[in-house]
Amino acid sequence: MMLFGRKLPAMSSLLVWAALWEVVGRMDLTFFVPPISAVFVTLFGLIQTTPFQNALGTTAYAFFLGVGFAIVIGIPVGILMGKTRFLDELLLPWVNIFISAPLTALVPVLMVLFGFGTKTIVITTTLFAIWIIILNARAGVMQINRSMVEMGRSFGASPLDAFFKIYLWAALPEILGGVRIGIIRAVKGVIIGQLLVSIVGFGALFELYSSNFLMKEFWAVLIVLFGLAFTISEFLGYLERKVSFYASAR
Amino acid sequence: MSQINPATLADARPALDSAVSVRNVSKNYGDVQALKNLSLEFPRGELTSLLGPSGCGKTTLLKIIAGLLPQSAGQIEVDGKTVTGPGPDRAFVFQDFALLPWANVLRNVAFGLELRGVAKSEREAIAEKYIREVGLAGFEKKFPHQLSGGMRQRVGLARALSVDAQVLLLDEPFSAVDEQTRRKFQEDLLALVANEKKTFIFVTHSIEEAVYVSDQIAILLPRPSRVSEIIRPTSFRGKGVDNIRRDPEYLDIVDEIWASLRSYVE
Ligand SMILES: Nc1ncnc2c1ncn2[C@@H]1O[C@H](COP(=O)(O)OP(=O)(O)OP(=O)(O)O)[C@@H](O)[C@H]1O
Ligand SMILES: [Mg+2]
């Protein structure tokens, strides 16, 4: 953002919105919007409490496990789909259905199948993240230069070498892009899962705060979650830029 | 200048030692017939150019020899062994270089050896040697995107030389580099052929380039694809790189090839 001809640091526009929030909060228009300063005071108190830390712990656990599965399964499946016509024809319709499906509607079914606990949330998280990771990895290998593939073959690359030394790297910019979007979706997945199961992690906290109209706590937790999701996404964006130097030169 | 009809080639040069023999090879892409019953011998230690109009099957033939494409009929022998796929006796230099953009020059040059399981220190020592040989000393730690097109192709060439294959296959290796670099490349290529004692198979669009660098030029014509002529320049090879382009035989061959190709150029 530019102001009086000077470049302001990134995201300084947030300060304007924070100020606006503060003003609205102080006008006491609605219980729903307490002043942001009060929210932050609550936030700093809150993050030291055990319920919050437990919620953060279970959420992080489910999140990383879910994302881990999505990455470890999604990338190889995507690469294999991009490389084998047969697998592609077999799986692509399903991937396309799931990527656009309202997965939230599936969570109750998962709850019946896997119980009202972490297992369901991990699976929800994976389901939110995996499809875009698969599609991007697939697109990544499909754009690999034909001569790159022939180079591997002509120098006698074993299938494993070709996979780990050529295809994976050649598709890395797309793969990372997919992982970044997948992780953003996984944040949604883990929270939606917890909200629907509603006795685990932040889901339980949200349930508690909103049903008791504890708006400061509600906003504090929300800000923490938004902040975390944003930080993760920025970090992955940074990784993506680090490999972009060769993305155009492949 | 000696000119040999391909049909009588075997009788005319019975003692010829071939590194690569192409026998009655045909290749169909669906109903497109790219090669039809093509036979050609590649003498050991020499550079043979494949020259011909666009679409006559030069790349197809080169990739079949490399084992990257299966032929529809006929067979290829390298050193008397029938080709069934890629092998360590052949190395390919790609028109678009095919370098790993995430790896530096050293790793790229050593990559062929890496795929063959050669230990790191050993393959890097070999790579260093060929990096010097192609004139890229000092650029070992640079990445492909930091190099010019000509330098990238030197990396591709060094990679192919490092694996010490008997046969080098080059598909229009200089078409993506500028004219001055190209001339330097051609001179360097002559030196390589002389020093490396390898068999080079070289695809080019440029008549001058083919005549300048080749011991033998095979002229391919399309519809149906066949070897129409084999030309072996004789007199100017030993006269030094600076005199070739002024040599009367050089100029005659260039003219003659153009005369036989011009009717195929729309
Ligand atoms: N993968 C393919 N599928 C179908 N037809 C092909 C394929 N590759 C080549 N062809 C056809 O085979 C013929 C020979 O192609 P090839 O690439 O070998 O020609 P070339 O002599 O290398 O041409 P250029 O000088 O333009 O590189 C052409 O008519 C081309 O259209
Ligand atoms: Mg070609």
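The values are calculated or read from the model by the stated rules, or taken from the named source; none is laboratory data. Being a predicted model, the structure only gives us computed values, none of them experimental. In this analysis, Cβ positions are derived from the backbone assuming ideal geometry, glycine residues included, and neighbour counts consider all displayed protein chains.
Points worth noting:
- Taking the range B:53-65 as the range and being under 15 Å from the mean Cα position of the chain (by Cα) and within 13 Å of ligand 2 (Cβ to nearest atom) as the test, the residues that pass are B:57, B:58, B:59, B:60, B:61, B:62, B:63, B:64.
- Residue in the range B:195-207 that is farthest from residue B:251 (Cα to Cα), counting only those that are more than 14 Å from ligand 2 (Cβ to nearest atom) and modelled with pLDDT of 90 or more: B:198
- The range A:37-51 residues that are hydroxyl-bearing (Ser, Thr, Tyr), paired with ones that are modelled with pLDDT of 85 or more (beta carbon under 7 Å, 6 or more apart): A:37/A:22; A:42/A:216; A:42/A:217; A:42/A:220
- Cβ pairs under 7 Å, 6+ apart, first in the range B:51-76 and away from chain A (no Cβ under 14 Å), second aromatic (Phe, Trp, Tyr): B:53/B:264
- Enumeration of residues in the range B:86-96 that are more than 8 Å from chain A (Cβ to nearest Cβ) and either surrounded by 20 or more Cβ atoms within 10 Å (Cβ to Cβ) or under 15 Å from residue B:175 (Cβ atoms) (or both): B:93
- Residues of the range B:59-118 that turn out to be in a strand (DSSP E or B) and under 30 Å from residue B:146 (Cα atoms), as a count: 4
- Residue check: residue B:104 meets all listed conditions (1) within 14 Å of chain A (Cβ to nearest Cβ); (2) under 20 Å from the mean Cα position of the chain (by Cα); (3) among the polar types (S, T, N, Q) but one, namely (2).
- Checklist (1) facing another protein chain (nearest Cβ under 7 Å); (2) buried (at least 19 other Cβ atoms within 10 Å of the Cβ) applied to residue B:114, failing item: (1)
- Residues of the range A:155-167 satisfying the condition of being closer than 24 Å to residue A:237 by Cα and more than 10 Å from chain B (Cβ to nearest Cβ): A:164, A:167
- Of the strands (runs of 3 or more DSSP E) lying entirely inside the range B:134-228, those containing at least 2 residues that are over 14 Å from the mean Cα position of the chain (by Cα) are B:216-221.
- Flag for residue B:62 being within 16 Å of ligand 1 (Cβ to nearest atom), among the hydrophobic types (A, V, I, L, M, F, W, C) and buried (at least 20 other Cβ atoms within 10 Å of the Cβ): yes
- Among the conditions (1) touching a residue at least 12 places away in the same chain (Cβ under 8 Å); (2) within 32 Å of the chain's Cα centre (by Cα), residue A:152 misses just one, which is (2).
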